[in-house]
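Engineer: Take a look at this one; I'll ask things after.
The values are calculated or read from the model by the stated rules, or taken from the named source; none is laboratory data. Keep in mind that this is a model prediction, so the values were computed, not measured. Note that we place each Cβ from the backbone using ideal geometry, even for glycine, and neighbour counts take in every protein chain shown.
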Amino acid sequence: MDQACVLLVDDEEDLRASLSQGLELSGHKVVATGDPEAALELITRGFYGVLVTDIRMRGTDGFAVMRKAFEIDPALPVVLITGHGDVPLAVEAMRAGAYDFMEKPFSVSSLASVAERGIEKRRLVLENRKLREELADRDGLESRLVGRAAAMDKLRRDVLALAATDADILIVGETGAGKEVVARALHDEGPRHNRPFVALNCGALPAEIIESELFGHEKGAFTGASGQRIGKLEHAHGGTVFLDEIESMPLELQVKLLRVIETRTIERLGSNKSIELDVRFIAATKEDLEEAGKEGRFRLDLFYRLNVVSIAIPPLRERLEDIPLLFQHLAVEARARYRREIPDVSESYLTRLMARDWPGNVRELRNVADRFVLGLESSAEAETEAASNLFDQVAAYEKTLIAAELKRNDGSIKATYENLGLSRKALYEKMKKYGLERKDAQ
């Protein structure tokens, strides 16, 4: 953003000149005018600044100026000043939406402080709008697999390339990284999108019923089987079967699943009749299945059959630069669920989020966004906490930015220090300070 502006409207030339000079000495950029209409022409929804207007002016008043400004942008911070202040007038101003109210005489330093707070509020509004607009402009995969990181660009390209095929796919990612989101995207972007998507969590189904759930059964196949039942695999005919936590599937069932994948046929429990199956299999795991196979916990032949094509989802800690956009995306979803407005998100709060390790990945961030929208976690609390630990917060943020830039440039020192606006020496010193290694980003 460009430098913020204090838009000052007052028809008293001497006072206007005095306030302008004082605000400029305090470091503010000031645009001053005695013509309210000229001031209003400068206000847009993208105006970065605060409006300061006198209430008593010839031909009009500050309330009218404020109302017209709110017609352009209701979120604009407006500070009203007057020499005729009283409590009822102050209350009326605040109820009408004024950001603050100042009674003459007042010190320029106090006005500068109020303007500074108003500008900070405005900056947050504009940044949040920018994030929301960016989210709104995204469609298709970009609205589902959110992120600007190079790893997310690659993930979206891989999904688009594979969605149109019938290849079975193994998705590898940590807990909460979004494996089912990727699986659904593969289904929805492909030719099977209008057929069933059947998701099964292999770790959530009891071992004694998982076979019946998958293959179905005939009447009398076992005690309690009072009628015929179509299994999940048969129900998914023409569509996609998503097997989450495939590493949790019992070994004896893995043999049967391997046969189904290879022959594309099933037999219901209690039946010898083969049923043709037209499905695409997408499996997901948080483990190294090859290692699990070597340890005897997973069948290697099933792993090799599933691992024809694999997709790796990056953990959130490896794409921390995506957190501002992703947090806003999750907050918008939470707003729709809970019918609550999204509070302003401060920079220090986002810095705090970016400094975390996120072992629960996007699922953990979603929970934080839910609490934030529900008012159970606020930016103000984060700012208070951060204020007492400012050095650590700044250091964590700097480390995050450097690590992300190194990764984005595949460990290239030259590209990293140029993009960050640092010298080579300064970058090396900071990498040494934070324990960052070039090889870790390659």
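Engineer: Restricting the search to the stretch 24-50, which residues are under 22 Å from residue 113 (Cα atoms) and among the acidic types (Asp, Glu)?
Structural biologist: 24
Engineer: Also, I was wondering about something else. Residue 308: surrounded by fewer than 21 Cβ atoms within 10 Å (Cβ to Cβ), within 13 Å of the chain's Cα centre (by Cα) and not basic (Lys, Arg), yes or no?
Structural biologist: no
Engineer: Would you call residue 52 surrounded by 21 or more Cβ atoms within 10 Å (Cβ to Cβ) and in the same structural domain as residue 107 (by TED's automatic domain parsing)? Outline the logic, then answer.
Structural biologist: Values: surrounded by 21 or more Cβ atoms within 10 Å (Cβ to Cβ): yes; in the same structural domain as residue 107 (by TED's automatic domain parsing): yes.
When the stated conditions are applied, residue 52 passes them.
Engineer: Would you mind telling me which numbered condition in (1) touching a Gly at 6+ places or on another chain (Cβ under 6 Å); (2) surrounded by 17 or more Cβ atoms within 10 Å (Cβ to Cβ); (3) among the basic types (Lys, Arg) residue 104 fails?
Structural biologist: Looking at each condition in turn, residue 104 falls short on (2).
Engineer: For the stretch 1-105, list the strands (runs of 3 or more DSSP E) that sit wholly inside it and hold at least 2 residues that are on the phi < 0 side of the Ramachandran plot and modelled with pLDDT under 90; which are they? I'd like the intermediate steps shown before the answer.
Structural biologist: Values: elements: 5-9, 29-33, 49-54, 78-82, 100-103.
Once the strands (runs of 3 or more DSSP E) in the stretch 1-105 are filtered for at least 2 residues that are on the phi < 0 side of the Ramachandran plot and modelled with pLDDT under 90, what remains is 78-82, 100-103.
Engineer: Inspect all residues belonging to the stretch 218-225 and state whether any of them is of a type outside the set (S, T, N, Q) and buried (at least 18 other Cβ atoms within 10 Å of the Cβ).
Structural biologist: Restricting attention to the stretch 218-225, the residues satisfying the condition of being of a type outside the set (S, T, N, Q) are 218-222, 224-225.
Still in the list and also buried (at least 18 other Cβ atoms within 10 Å of the Cβ): none.
No, there is no match, as no residue in the stretch 218-225 is of a type outside the set (S, T, N, Q) and buried (at least 18 other Cβ atoms within 10 Å of the Cβ).
Engineer: Please find, among 430, 407, the residue that is assigned to a helix (DSSP H, G or I), closer than 16 Å to residue 318 by Cα and of a type in the set (Lys, Arg). Walk me through how you get there before you give the answer.
Structural biologist: Values: 430 fails: closer than 16 Å to residue 318 by Cα.
Of 430, 407, the one residue that is assigned to a helix (DSSP H, G or I), closer than 16 Å to residue 318 by Cα and of a type in the set (Lys, Arg) is 407.
Engineer: Cβ-Cβ distance below 9 Å, separation of 6 or more or different chains: which pairs start in the stretch 110-137 with a residue that is outside the structural domain of residue 43 (by TED's automatic domain parsing) and within 11 Å of residue 99 (Cβ to Cβ) and end on one that is at pLDDT below 85 and in a helix (DSSP H, G or I)?
Structural biologist: none
Engineer: Of all the residues that make up the stretch 196-248, how many are modelled with pLDDT under 90 and of a type in the set (Val, Ile, Thr)?
Structural biologist: 4
Engineer: Does residue 173 qualify as being closer than 30 Å to residue 288 by Cβ, touching a strand residue (DSSP E or B) at 6+ places or on another chain (Cβ under 8 Å) and small (Gly, Ala, Ser)? Can you show your working first?
Structural biologist: Numbers: closer than 30 Å to residue 288 by Cβ: yes; touching a strand residue (DSSP E or B) at 6+ places or on another chain (Cβ under 8 Å): yes; small (Gly, Ala, Ser): yes.
Taking the combined requirement at face value, the residue satisfies it.
Engineer: Are any residues in the stretch 136-171 in contact with a Ser or Thr (Cβ under 7 Å, 6 or more places away or on another chain) and within 15 Å of residue 362 (Cβ to Cβ), and if so, which ones?
Structural biologist: The answer is none; no residue qualifies.
Engineer: Look through the stretch 130-150, keep the residues that are part of a helix (DSSP H, G or I) and at pLDDT 80 or above, and return whichever of them is surrounded by the fewest Cβ atoms within 10 Å (Cβ to Cβ).
Structural biologist: Residues of the stretch 130-150 that are part of a helix (DSSP H, G or I), as a first pass: 130-137, 140-143, 150.
Retained after the next criterion (residues that are at pLDDT 80 or above): 141-143, 150.
On the way: 141: 19, 142: 16, 143: 12, 150: 16.
The qualifying residue surrounded by the fewest Cβ atoms within 10 Å (Cβ to Cβ) is 143.
Engineer: Would you mind finding the one in 388, 348 that is at pLDDT below 85 and under 26 Å from residue 151 (Cα atoms)?
Structural biologist: Details: 388 fails: under 26 Å from residue 151 (Cα atoms).
That would be 348, the only listed residue that is at pLDDT below 85 and under 26 Å from residue 151 (Cα atoms).
Engineer: Here's something else I'd like to know. Do you know which residues across the stretch 152-179 are within 19 Å of the chain's Cα centre (by Cα) and crowded, with 17+ Cβ neighbours inside 10 Å?
Structural biologist: Initial filter on the stretch 152-179 (within 19 Å of the chain's Cα centre (by Cα)): 152-156, 173-179.
Listed by number, the residues that qualify are 152, 155, 156, 173, 174, 176, 177, 178, 179.
Engineer: Given (1) buried (at least 20 other Cβ atoms within 10 Å of the Cβ); (2) under 16 Å from residue 242 (Cβ atoms), identify the lone condition not met by residue 328.
Structural biologist: Here residue 328 clears every test but (2).
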